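Below is one structure, written out as structure tokens; comments come after it.
The values are calculated or read from the model by the stated rules, or taken from the named source; none is laboratory data. Note that the coordinates shown come from a computational prediction; the quantities given were computed from them, not determined experimentally. Using ideal geometry, Cβ is built from the backbone for each residue, glycine included, and neighbour counts are taken over all protein chains shown.
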Amino acid sequence: QVRMVESGGGLVQAGGSLRLSCVASGNILIFNDIDWYRQAPGRQREFVALITKSGSTNYADSVKGRFTISRDNAKNTVFLQMNSLKPEDTAVYYCKGTTPYVAYWGQGTQVTVSS
């Protein structure tokens, strides 16, 4: 069983930055890709960004140019650098590691952006 543990959330003013981390309990190279999702109160969980095993990235339109996903394979960690934060970015942020057979979700970390 692989565990994904997110950290780095918090309260920040609009225009500020946060860096989220997602640490896997095992080798992250087992995952085809690692994704970040978010869920705001009363809304469905939505895709934010992903990074593949080869390092390719993809972003939701709402975060393009503001968020950057990266990985450190040696530390089994994926990061989400979030800049120019907006109140609408407020949500619980989850990471997900996907293998050909199963996906592993973390417990989430809260990000709150005040106006």
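Every condition in (1) assigned to a loop (DSSP other than H, G, I, E, B); (2) in contact with a Gly (Cβ under 9 Å, 6 or more places away or on another chain) is met by Q44 except one, and the failing one is (2).
Residues of the range 13-35 being surrounded by fewer than 22 Cβ atoms within 10 Å (Cβ to Cβ), among the hydrophobic types (A, V, I, L, M, F, W, C) and in a strand (DSSP E or B), which ones? Scanning the range 13-35 gives L18, V23. The sole residue among I69, I30 that is modelled with pLDDT under 95 and not aromatic (F, W, Y) is I30. Reported count of residues in the range 80-103, each being assigned to a helix (DSSP H, G or I) and surrounded by fewer than 16 Cβ atoms within 10 Å (Cβ to Cβ), is 2.
If I filter the range 105-115 down to residues being under 13 Å from the mean Cα position of the chain (by Cα) and part of a strand (DSSP E or B), which single residue comes out as surrounded by the fewest Cβ atoms within 10 Å (Cβ to Cβ)? Reasoning before the result, please.
Filtering the range 105-115 for residues under 13 Å from the mean Cα position of the chain (by Cα) gives 105-111.
Remaining after also requiring part of a strand (DSSP E or B): 105, 109-111.
Working: W105: 15, T109: 22, Q110: 12, V111: 22.
Within the range 105-115, the match that is surrounded by the fewest Cβ atoms within 10 Å (Cβ to Cβ) is Q110.
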